[in-house]
Amino acid sequence: MRITIKDIAKEAGVSTASVSHVLNGTKKLSESTTKKVMDVINKYNYIPSENAKKLRNDHTKTIGVMVSSIQDHYVSGIIMELSDVIRSNGYEMLFINTSENLDYEKEAIKLLIAQRVEGLIISPVNSSSLSKYQDLFKELPIVQVLRYDTALSLPKVTADDFNAGYLATKHLLSQGYKKIAIIYSKKTINPTFDRIKGCQQALLEFSNTNTLFLEQGFATVEGGAKAFEEIYRRHPDVDGVFALNDFMAIGCLMKIKELKLKCPEQIGVVSFGDFASAELIEPSVTAIHVENKEIGRKAAHKLFNILNNHPFEQEEKVELLLKVRNSTKRN
């Protein structure tokens, strides 16, 4: 049960009017009264509802969706599917993009709770951020999507990221590439951890080493280009690249061309995400393909199962497949 203004007034030993004045800044009260009220507010992380008059029954028919980035089609496709499923269930979606900002993530959760959302679907900024302020949302149904906080036993829907790294690396090795690099967007998130682990496992199984060249590409075309340039400067023997999103793969291919290297003859490139024009550009791009809409659909259905007290799976991983194209075809 959420704490109310009456509860705050009772514990602070003041009137509900005094609590309202402190919250809204409508009247200057004594320093001691203000402190009493604020101590209780901070104790319970109370967030005033902006729609309190309309929400007597506490049912707003809204779901909060918060993601850490919407840069590429992989994430935007998930958001579109979430919106469709949420609306088909008679709810509206309140959406916030935190743009990888830890401070804003906390404020965004407070904002969504203030709007009295009935559930949250969250892709956190990193693998430990949510647990730092779980008291804010401990009474709300929550589903984590794509990324997750490893310290929280919250339901989640992800891609099979370990298998993504495993399949990409196994394929590169099968084509005769030996020195493999990974261009990642962010190191402190589960998809990066798990894809790297998958790559290392394939290396151990098929080449008796787990040595990988790692470089951050910040999920952008420019970042991917700079990352490959740096990898090639430090390790000129690199001959295979797994870029962990499509933008970085495009940047990597651009830099390979700029350096007058040949793809796939000298450098093989695998992307994660499989963007729409991956098979149209030259060379066409070998990619890990994930049904991103299925991720969104499963996450939304899971949340509604929780809200309706229906059975649900605690964890689901959406399968993926490798689409082999010219950027790695040596044989």
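The values are calculated or read from the model by the stated rules, or taken from the named source; none is laboratory data. Please read these numbers as outputs of a predicted model, since none were measured by experiment. Here the Cβ is made from the backbone with ideal geometry for all residues, glycine too, and neighbour counts use every protein chain on show.
The condition of being closer than 30 Å to residue 4 by Cα and surrounded by fewer than 19 Cβ atoms within 10 Å (Cβ to Cβ) holds for only one of 99, 131, 83, that being 131. Criterion applied to 237, 274, 246 was being in the same structural domain as residue 179 (by TED's automatic domain parsing), within 23 Å of residue 198 (Cα to Cα) and surrounded by fewer than 17 Cβ atoms within 10 Å (Cβ to Cβ), and the one residue passing it is 237. Contact map, the range 283-310: first residue within 28 Å of residue 326 (Cβ to Cβ), second residue surrounded by fewer than 23 Cβ atoms within 10 Å (Cβ to Cβ) and among the small types (Gly, Ala, Ser), Cβ cut-off under 6 Å, separation 6 or more or different chains; pairs are 285/278; 287/278; 292/77; 293/77.
Of the conditions (1) more than 30 Å from residue 144 (Cα to Cα); (2) not in a loop (DSSP other than H, G, I, E, B), residue 251 satisfies every one except a single condition; which number is it? Unmet for residue 251, out of (1) more than 30 Å from residue 144 (Cα to Cα); (2) not in a loop (DSSP other than H, G, I, E, B): (1).
When you go through (1) over 25 Å from residue 119 (Cα atoms); (2) at pLDDT 85 or above; (3) under 39 Å from the mean Cα position of the chain (by Cα) one by one for residue 33, which number turns out not to apply? Here residue 33 clears every test but (3).
Conditions tested, residue by residue: (1) farther than 30 Å from residue 239 by Cα; (2) part of a loop (DSSP other than H, G, I, E, B); (3) over 24 Å from the mean Cα position of the chain (by Cα).
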site: 263; (1), (2), (3): no, yes, yes
site: 279; (1), (2), (3): no, yes, yes
site: 287; (1), (2), (3): no, no, no
site: 295; (1), (2), (3): yes, no, no
site: 300; (1), (2), (3): yes, no, no
site: 305; (1), (2), (3): yes, no, no
site: 310; (1), (2), (3): yes, yes, yes
